[in-house]
Amino acid sequence: MKLAHVVCAGVLLLAANAAAEEGDKAIQKTTISLGTATPGGGFPLYGNAFAEVMNAADPALAIEPRNTKGSNENIPLLESGQLDIGLVAGEPSYEAFMGLGGRPKTKLKILTAMYSSPGMFVVRADSPYKTVRDLVGQPVAFGAKGSGLPILSRYMLDGLGLKQDEDFKSIYLDRAGDGPTMVQDGRAAALWGAGIGWPGFDAVAASPAGARFIAPDASEIARIRAKHTFLKPLTVPAGSYPGQSAAIDSVGSWSYILVRESLPDDVAYRLAKTLHGAEATFCQKLPQACETTAANTVAAAPSQELIHSGVLRYLREIGIVK
């Protein structure tokens with residue numbers, strides 16, 4: 001009987017160990033590092049919401065956001081494999097895809113289009129500035145060092161025959177969140193930013209002094225696009241910010257979540273399937289995430305070849321791509 005008890009106990013122990021191993025496998029997580037930008041900007045806001053929604057939708061995923069200096073740091077971090085995925089603004093993405101600025105064309109791929117980024121300035125409502133040219137010679141905060149925002153403004157101003165660092169007293173921030181305070185206390189005449197739901201614009205618009213937004217007019221938009229054709233006409237709908245009663249037309253581009261070249265197809269497929277299966281939840285969590293759709297990814301990508309092959313497999317399955 002004792003031998004039988006020992007054998008029985010041994011069998012039970014083996015079964016328990018096997019069950020524990022199966023349990024470990026079941027909860028084994030795929031960890032994904034996500035590069036965002038400096039605190040107080042739109043990328044950390046989006047990246048944190050993205051991680052929360054994705055991790056909740058697929059408990060086996062562990063997307064871990066981390067603050068970086070922004071687009072211009074995320075690209076080399078992705079290329080060196082130090083990040084799995086990263087948020088990158090449209091202009092740095094375009095330069096990397098095209099191999100501009102003396103660099104080779106990047107091998108990074110698109111996971112998804114994030115949201116459109118119409119660029120504009122915000123000033124205090126009681127300031128005298130009403131046009132882009134009114135800001136010439138004034139101190140302007142063009143965004144955080146390393147972020148994509150100063151690149152967008154550089155292209156826009158160049159289309160108007162203006163030089164960012166010569167025609168303005170350019171300020172580049174260590175932290176994106178410092179910009180609104182500089183406008184409110186007068187250290188900066190204006191803050192440049194982009195997109196819908198951008199935290200810097202929200203902060204200025206919600207302040208006691210209120211805000212006025214400045215964007216290129218119709219003739220200026222035509223001039224900018226004649227010189228920089230990759231910039232798209234985009235609109236900030238009325239009511240996007242406190243006190244903004246009218247729609248604002250401007251130019252800009254789409255920001256992307258880019259992935260390292262070596263990200264396996266099955267991981268990219270899983271990320272795409274989880275993301276687009278949770279589009280409604282993401283939209284409810286963050287207004288600008290309502291633009292993060294499979295259809296917008298296909299429309300915003302400069303070419304389908306720049307979309308990761310694992311993502312394309314998913315897009316074909318749902319009939320967005322042939």
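The values are calculated or read from the model by the stated rules, or taken from the named source; none is laboratory data. Note that this is a predicted model, so its numbers are computed, not measured. Positions of Cβ are generated from backbone atoms using ideal geometry, with glycine treated the same way; all protein chains shown enter the neighbour counts. Note: accessible area is taken over every heavy atom of the protein model, side chains too, but ligands, DNA and RNA are not part of it. Shrake-Rupley method; radii C 1.70, N 1.55, O 1.52, S 1.80 Å.
Observations, loosely collected:
- Criterion (within 30 Å of P208 (Cα to Cα) and in contact with a helix residue (DSSP H, G or I) (Cβ under 6 Å, 6 or more places away or on another chain)) met by exactly one of V132, V136: V136
- Among the residues of region 288-319, just one is in a loop (DSSP other than H, G, I, E, B), aliphatic (A, V, I, L, M) and under 16 Å from W254 (Cβ atoms), namely A301.
- Contact map, region 264-287: residues that are outside any helix (DSSP H, G or I) paired with residues that are of a type in the set (V, I, T), Cβ distance under 9 Å, separation 6+ or inter-chain. Pairs shown: A278/V53; L286/V53; L286/T292.
- Region 155-184 - residue that is part of a loop (DSSP other than H, G, I, E, B) and over 23 Å from the mean Cα position of the chain (by Cα) and, of those, farthest from G42 (Cα to Cα): G161
- Residues considered: L152, L191. Of these, the only one that is under 16 Å from the mean Cα position of the chain (by Cα) and either touching a residue at least 24 places away in the same chain (Cβ under 8 Å) or closer than 20 Å to Q288 by Cα (or both) is L152.
- Residues being under 23 Å from V251 (Cβ atoms), touching a residue at least 40 places away in the same chain (Cβ under 8 Å) and over 15 Å from the mean Cα position of the chain (by Cα) - total across region 70-106: 2
- Scanning region 118-144 for residues that are in contact (Cβ under 8 Å) with a residue 40 or more places away in the chain and among the β-branched types (V, I, T), we see that the one that is surrounded by the fewest Cβ atoms within 10 Å (Cβ to Cβ) is T131.
- From the options I221, I196, residue that is assigned to a helix (DSSP H, G or I), β-branched (V, I, T) and more than 23 Å from P139 (Cβ to Cβ): I221
- Selection from region 131-163 of residues that are of a type in the set (F, W, Y) and under 17 Å from A37 (Cα atoms): F142
- Residues that are in a loop (DSSP other than H, G, I, E, B) and modelled with pLDDT of 95 or more do occur in region 119-126.
- For A300, the requirement of being within 30 Å of T181 (Cβ to Cβ) and crowded, with 18+ Cβ neighbours inside 10 Å is not met.
- In region 91-117, the residue that is least open to solvent (accessible area, probe 1.4 Å) out of those that are within 23 Å of S309 (Cα to Cα) and of a type in the set (K, R) is K109.
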